[in-house]
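Participant: Mind having a look at this structure? Questions to follow.
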């Protein structure tokens, strides 16, 4: 299946901003993060189609997955 993957902020470094990727039907967000070598503990927000989801969510073909890092501040 084809997914649109969007990475934000520091996740783009050495990767990409937006990319279409071919994934297996049973692929979860955690699998995508692992494939991109993004540590799961560094993911702050996950959106699929603009809706908040968890790492175990399995997107369907054509969906857009957006990964945002944890943000620090003070």
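Values in this text are rule-based calculations from the coordinates and carry no lab data. These numbers come from a predicted model, not from an experiment. Reconstructed Cβ throughout: ideal geometry from the backbone, glycine too, with neighbour counts over all protein chains shown.
Participant: Could you pull out the residue among 3, 55, 7 that is within 17 Å of residue 71 (Cα to Cα), under 11 Å from the mean Cα position of the chain (by Cα) and touching a residue at least 12 places away in the same chain (Cβ under 8 Å)? Talk me through it step by step, then tell me what you get.
Facilitator: Working: 3 fails: within 17 Å of residue 71 (Cα to Cα); 55 fails: within 17 Å of residue 71 (Cα to Cα).
After applying the criteria, what remains is 7.
Participant: Just wondering, is there one or more residues in segment 33-41 that are without any contact (Cβ under 8 Å) to a residue 40 or more places away in the chain, under 14 Å from residue 2 (Cβ atoms) and not in a helix (DSSP H, G or I)?
Facilitator: The initial filter retains those residues of segment 33-41 that are without any contact (Cβ under 8 Å) to a residue 40 or more places away in the chain, namely 33-41.
Of the ones still in play, those that are also under 14 Å from residue 2 (Cβ atoms) are none.
Taking every residue of segment 33-41 in turn, none turns out to be without any contact (Cβ under 8 Å) to a residue 40 or more places away in the chain, under 14 Å from residue 2 (Cβ atoms) and not in a helix (DSSP H, G or I).
Participant: A follow-up question, please. Can you give me the number of residues within segment 55-70 that are in a loop (DSSP other than H, G, I, E, B), touching a helix residue (DSSP H, G or I) at 6+ places or on another chain (Cβ under 9 Å) and surrounded by 10 or more Cβ atoms within 10 Å (Cβ to Cβ)?
Facilitator: The first filter runs over segment 55-70 and keeps only residues in a loop (DSSP other than H, G, I, E, B), leaving 55-63, 70.
So of that shortlist, the ones also touching a helix residue (DSSP H, G or I) at 6+ places or on another chain (Cβ under 9 Å) come out as 55-59, 70.
Checking which are surrounded by 10 or more Cβ atoms within 10 Å (Cβ to Cβ) leaves us with 55, 57-59, 70.
Qualifying residue count for the region: 5.
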